[in-house]
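Heads up: the structure comes next, in structure tokens.
The values are calculated or read from the model by the stated rules, or taken from the named source; none is laboratory data. Computed from a predicted model, the values in this text were never measured in an experiment. When we count neighbours, we look across all protein chains shown, and the Cβ atoms used for this are built from the backbone with ideal geometry, even at glycine. When the accessible area is computed, the model is the full protein with side chains, heavy atoms only, and any ligands, DNA or RNA have been set aside. Shrake-Rupley method; radii C 1.70, N 1.55, O 1.52, S 1.80 Å.
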Amino acid sequence: MVSNEEREKIFHEELIRIYDERIREFTRLCLIQAPDYFFTDCPASSSGKYHPISELGPDGTMLHTKKVFTVAYELCRALNCEDKRDEIIAGCVIHDLRKQGLTRTGHTTRNHPDLAAQLVEEVQEVTMILDDDAFKVIRDCVGYHYGPWSTGKWKKPLAKYTPMELCVYLSDYTASKRCIEVDIRR
Ligand SMILES: [Fe+2]
């Protein structure tokens, strides 16, 4: 099992960039509630067809998450929603925490955006750390992060995406492309 301290340490650079204390604490708790496999064995692409080669190892999704975070940190300015940067980057840390399902399945699950949105709901229900607006923005950024590949209740036209939802979706999309290199060392 990966300890809580270790989880925090892995995402230390990201957590300290969340300015709002409550959003930072909420994100930390989501990391603690995430399944162990996310930290031990979760390649960014289970088929090997997508994502840069460097993300096909066991730490792939962690590395990918850091890249998405890095892109979104900048892109929120381009999309003129920098005032919601904390919610956006929190959503980035959370968006793939249940990528292979509630327990490890060995492959990416199609409904992982919904599972991650449920994680946001579960942590909020128990802790009530976030105000209603921050909670909804984070949950929806996570739930809608699959764009046109979304399923079920998370399916909606891109034209209806908020700038914050677009920011997480586009950051996820671009950061996972082999032609784009993202330097997470800042
Ligand atoms: Fe992702």
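What whole-number distance in Å separates the alpha-carbon centres of segment 140-159 and segment 161-186?
Segment 140-159 and segment 161-186 have Cα centres separated by 15 Å.
Ranked from highest to lowest mean number of other Cβ atoms within 10 Å per residue, what is the order of the peptides 138-149, 122-133, 168-179?
Most protected by this proxy first, the peptides run 138-149, 168-179, 122-133.
Please give the Cα centre distance for segment 53-94 versus segment 1-37, rounded to the nearest Å.
14
Using mean Cβ contacts within 10 Å as the protection proxy, how do 26-32, 97-103 order, highest first?
26-32, 97-103
What does the accessible area of His107 come to, in Å² to the nearest 10, when a probe of 1.4 Å is used?
Accessible area of His107: about 90 Å².
Among all lysine pairs in the chain that are eight or more places apart or on different chains, how many have alpha carbons less than 17 angstrom apart?
13
Quick check: convex hull of the Cα atoms in segment 8-60, volume per residue, rounded to a whole Å³?
Residue-normalised Cα hull volume stands at 91 Å³.
Which whole-number percent gives the relative contact order of segment 4-175, counting Cα pairs below 8 Å spaced six or more residues apart? Walk me through the intermediate numbers first.
Working: 258 pairs, mean separation 40.2, N = 172.
Computed value for segment 4-175: 23 percent relative contact order.
Counting each pair of different Cα atoms once, what's the Kirkwood radius of segment 4-175 in Å, rounded to one decimal?
Averaging 1/r across every pair of different Cα atoms and inverting gives 15.6 Å.
How large is the helix-only mean residue ellipticity at 222 nm for the chain, computed as the sum of -39500 (n - 2.57) over DSSP H runs with n ≥ 4, divided by its residue count, in deg cm²/dmol to the nearest 500? Present the calculation step by step, with values, prior to reporting the outcome.
Values: 9 runs with 98 residues, N = 186.
Value at 222 nm, helices only: -16000 deg cm²/dmol.
When only C-alpha pairs under 8 Å and at least 6 residues apart count, what is the relative contact order of segment 3-63, in percent? Could the numbers behind the result be given before it?
Details: 52 pairs, mean separation 15.5, N = 61.
It rounds to 25 percent for segment 3-63.
Please state the Cα pair-distance histogram of segment 52-101 with 10 angstrom bins from zero: what percent is in each bin?
26, 47, 23, 4
Per the 1.4 Å probe, what fraction of the accessible area of segment 4-175, in percent, lies on carbon and sulfur atoms? Don't skip to the answer; put the middle values down first.
On the way: 4080 of 7850 Å².
C and S atoms contribute 52 percent here.
Quick check for you: with a 1.4 Å probe and neighbouring chains kept, what is the accessible area per residue of segment 4-175, in Å²?
On a per-residue basis, 46 Å².
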